[in-house]
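A short write-up of the structure that comes next.
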Amino acid sequence: MRILVLSFYFKPDLCAGSFRTTALVEQLKQKSGVEVDVITTMPNRYASFDTGAEAEEIDGNVRIRRILLPSHESGMLDQIKSFKTFYHQAQKLAKSERYDLVFATSSRLFTAFLGARIAKNKRVPLYLDIRDIFVDTIKDVLSPKVVLLLKPVLSAIEKYTFSSAQHINLVSKGFARYFKSRYSEANYTWFTNGIDGEFLDLPETKREIGSREKLKRLVYAGNIGEGQGLHTILPKFANLASENYQFCIIGDGGRKQQLVDRVFDISNMELLPPVSRQELVEEYLKADILFLHLNDYPAFEKVLPSKIFEYAATGKPILAGVSGYAADFIKSELLNAEVFYPSDHNGAMKALSKLKLEHTDRSAFINKYTRTNLMKEMSDTIVELGMFHE
């Protein structure tokens with residue numbers, strides 16, 4: 001069985017999509033009689049983080065082909081140009097190949113659309129892994145005029161894409177009502193994000209009790225974009241917490257400069273560029289509290305950030321500015337984690353005061369959401385679908 005895997009991000013890129021797809025391919029690699037052809041991009045998630053990768057790699061029964069994109073930042077036009085390149089080059093690479101199934105993982109719809117086009121041309125089943133609802137999200141992050149122009153086109157693309165799929169996996173159960181009410185013909189699964197090996201079996205770290213020579217360290221690591229909305233919460237929150245907390249923000253993205261402009265005179269704020277996963281683990285272990293935030297948009301009430309899982313595995317206290325499904329998930333699944341409404345700096349302070357600055361045993365959560373286990377189960381459903389075509 002030959003499986004085409006389409007993912008805009010793949011190792012060694014630094015983002016949730018890369019980590020998820022890499023873990024899935026590792027599980028598919030172990031399947032007897034399965035060949036995997038990965039078409040992805042050269043690392044491009046952050047312009048400020050450059051890491052080398054081969055244009056083509058062969059690892060046993062896995063072939064990885066990476067498409068070089070035009071240099072870009074995180075603006076919308078840059079993203080459109082990048083995806084256009086990926087779309088056309090991926091179709092060329094796949095044109096002469098024979099596949100039994102097409103798998104596409106997508107947050108912004110268009111990799112899923114690419115998967116639908118290739119699957120239709122090859123007349124093979126399509127398995128979609130969906131990490132966001134793009135058409136639902138754009139109304140919150142783009143201007144009303146732009147939405148008015150784009151939504152009819154994007155809705156048509158969405159309908160074509162999801163109506164083409166035999167199987168749809170949704171990473172958040174918050175997406176269920178949206179998809180099942182529109183695309184009831186597909187089979188659904190709910191393999192969510194999980195905890196990667198780098199975050200398992202970490203040493204337990206503790207602050208020195210009564211130490212006053214340093215402030216408590218609050219760490220955020222990840223994308224700094226409109227979706228995270230850090231620029232809406234951190235300036236006032238950091239000021240309120242300035243007597244007791246040092247804020248360390250690690251990452252890059254389309255809203256980083258706006259954040260830099262708003263916190264330039266805040267003494268307890270440190271902004272660092274993206275780091276490797278090994279360095280990231282070290283930063284987590286140095287933290288007293290791990291911070292998570294999503295912007296105050298209705299669309300984000302349905303999502304489940306992947307960051308929750310790696311934060312949880314550290315045993316560190318978690319402070320999360322989220323609402324909707326993510327808030328419910330954290331409250332029901334995690335110990336020593338407090339939630340406040342997005343962009344509410346006063347609420348953030350109240351929630352912060354409730355956290356216990358100690359290591360928390362979350363072994364039950366870790367066992368439940370270890371990525372390897374989740375991706376093994378997911379790979380089984382992919383192979384099962386492909387067997388119907390052979």
**Report entry** Every residue from the range 345-371 that is open to solvent by 60 Å² or more (accessible area, probe 1.4 Å) and either over 30 Å from Q30 (Cβ atoms) or touching a helix residue (DSSP H, G or I) at 6+ places or on another chain (Cβ under 7 Å) (or both)
**Finding:** N346, K350, S353, K354, K356, L357, E358, H359, D361
Query - Unique match (being more than 24 Å from R131 (Cβ to Cβ) and basic (K, R)) among K256, K316, K302, K307 - result: K316
Report task. State all residues of the range 375-390 that are open to solvent by 20 Å² or more (accessible area, probe 1.4 Å) and either under 25 Å from L319 (Cα atoms) or assigned to a helix (DSSP H, G or I) (or both); if no residue qualifies, say none. Result -> K376, E377, D380, T381, V383, E384, L385, M387
**Report entry** Hits in the range 125-143 - residues which are assigned to a helix (DSSP H, G or I) and either open to solvent by 50 Å² or more (accessible area, probe 1.4 Å) or touching a His at 6+ places or on another chain (Cβ under 7 Å) (or both)
**Finding:** K139, V141
Query - the range 83-97 residues that are closer than 11 Å to D37 by Cα, paired with ones that are among the basic types (K, R) and in a helix (DSSP H, G or I) (beta carbon under 9 Å, 6 or more apart) - result: A94/K122; E97/K122
Requested in this report: From (1) open to solvent by 50 Å² or more (accessible area, probe 1.4 Å); (2) more than 16 Å from C15 (Cα to Cα), pick out the condition that doesn't hold for G254.
Outcome: (2)
Query raised in the report: List the pairs whose first member sits in the range 330-342 and is open to solvent by 40 Å² or more (accessible area, probe 1.4 Å) and modelled with pLDDT of 95 or more, whose second member is outside any helix (DSSP H, G or I) and charged (D, E, K, R), and whose Cβ atoms are under 8 Å apart, counting only residues at least 6 apart or on separate chains?
Result: L335/D361; L335/R362; Y341/D296
Report task. Scan the range 1-38 residue by residue and report those that are small (G, A, S), within 14 Å of D196 (Cα to Cα) and open to solvent by less than 10 Å² (accessible area, probe 1.4 Å). Result -> G17, S18
Requested in this report: For the range 278-296, state whether one or more residues are closer than 18 Å to E338 by Cα, touching a strand residue (DSSP E or B) at 6+ places or on another chain (Cβ under 9 Å) and open to solvent by 30 Å² or more (accessible area, probe 1.4 Å).
Outcome: yes
Query raised in the report: Out of T189, T205, which single residue is β-branched (V, I, T) and modelled with pLDDT of 95 or more?
Result: T189
Query raised in the report: Of the residues L215, L154, L149, which is of a type outside the set (D, E, K, R), farther than 25 Å from K84 by Cα and at pLDDT below 95?
Result: L215
Requested in this report: Scan the range 53-96 residue by residue and report those that are charged (D, E, K, R), part of a loop (DSSP other than H, G, I, E, B) and loosely packed, with under 13 Cβ neighbours inside 10 Å.
Outcome: E54
Requested in this report: For the range 144-189, name all the residues that are crowded, with 18+ Cβ neighbours inside 10 Å and either of a type in the set (S, T, Y) or in contact with a Gly (Cβ under 9 Å, 6 or more places away or on another chain) (or both).
Outcome: T161, S164, A165, S172, G174, Y183
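The values are calculated or read from the model by the stated rules, or taken from the named source; none is laboratory data. Since the structure is predicted, the reported quantities are computational estimates derived from the model, not experimental observations. Heads up, the Cβs are rebuilt from the backbone with ideal geometry, glycines too, and the neighbour counts pull from every protein chain shown. Surface areas here come from the heavy atoms of the whole protein model, side chains and all, with no ligands, DNA or RNA. Shrake-Rupley method; radii C 1.70, N 1.55, O 1.52, S 1.80 Å.
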